[in-house]
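In what follows, a structure is listed as structure tokens, so that the remarks can point back to it.
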Amino acid sequence: MIESHLPLALAMLFFAGSHWVLSHPLRKPAVKALGLNGFLAVYSIIALVALILVLIMHDRAPDGPMLWNGYAVLPWLAGSLLSFTATALLLASFSRNPALAPRNMNGLSTALPQGVFRVTRHPMMFAIALWGISHLIVAPSLRSLLLNGGLALMAVGGARTQDAKFQALYDKEWRIWSRRSPFWPDLRNLGKLGWAWGGALILWGLITALHWLLAGIPAGPWRFFES
């Protein structure tokens, strides 16, 4: 069983390792050598190749055995709620996110977190983490653990390293911001996502419909329409 999943495990290690190396220790020398646009092009190519390799190895790995019936009502509801919440976090993360636009760090220490940043200062990372966990709940196998559990760990670890990077780069601005906006999602503030919930309902519905169409497995609300 372990041997049959080794290619997937190695592919995930390559995906995670290349992402970390290019994002941190090699970023400065690579940008200096290639220029920012050149670096981003190389980074994107390597990330895409690594992701394709992961997906190929995931497809080849044995599907099962399952630890529980992920298609039962309780795990299906839990997975659906988590993936829907992840979609809302992802949409909200594109609005006024200082982590996506470092130029906005100036004056960040004087800003009060609004919207999604009342939930977490890393909404995109936790969207990926929740998406991985939701899939692990409905597909509780070793193959799923390597892929979806690996993505969740990468996302949380990436949020931690991002904190360290921004702390080193922007010191006071990020330090004060991080005191006001929590790291771990504060579920009490999910209502602050506002418009993102409506957008998530549409996007989540489309994604789950495509899941049924392309993978042949009804996901989310489409489970009720399965014949």
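The values are calculated or read from the model by the stated rules, or taken from the named source; none is laboratory data. Just so it is clear, the model here is predicted, and its values are computed rather than measured. Cβ placement follows ideal geometry from the backbone for every residue including glycine, while neighbour counts extend to all protein chains displayed. The protein model used for the area step is the full one, side chains on, heavy atoms only, and it has no ligands, DNA or RNA in it. Shrake-Rupley method; radii C 1.70, N 1.55, O 1.52, S 1.80 Å.
Against the conditions (1) under 24 Å from residue 76 (Cα atoms); (2) in contact (Cβ under 8 Å) with a residue 40 or more places away in the chain, residue 149 satisfies every one except (2). All but one of (1) surrounded by fewer than 18 Cβ atoms within 10 Å (Cβ to Cβ); (2) part of a helix (DSSP H, G or I) hold for residue 83, so report the exception by its number. The one condition residue 83 does not meet is (1). Considering the conditions (1) open to solvent by less than 30 Å² (accessible area, probe 1.4 Å); (2) of a type in the set (Gly, Ala, Ser); (3) touching a residue at least 24 places away in the same chain (Cβ under 8 Å), residue 30 is excluded by exactly one of them, (3). Taking (1) open to solvent by 70 Å² or more (accessible area, probe 1.4 Å); (2) assigned to a helix (DSSP H, G or I); (3) modelled with pLDDT of 90 or more in turn, residue 68 satisfies each apart from (2).
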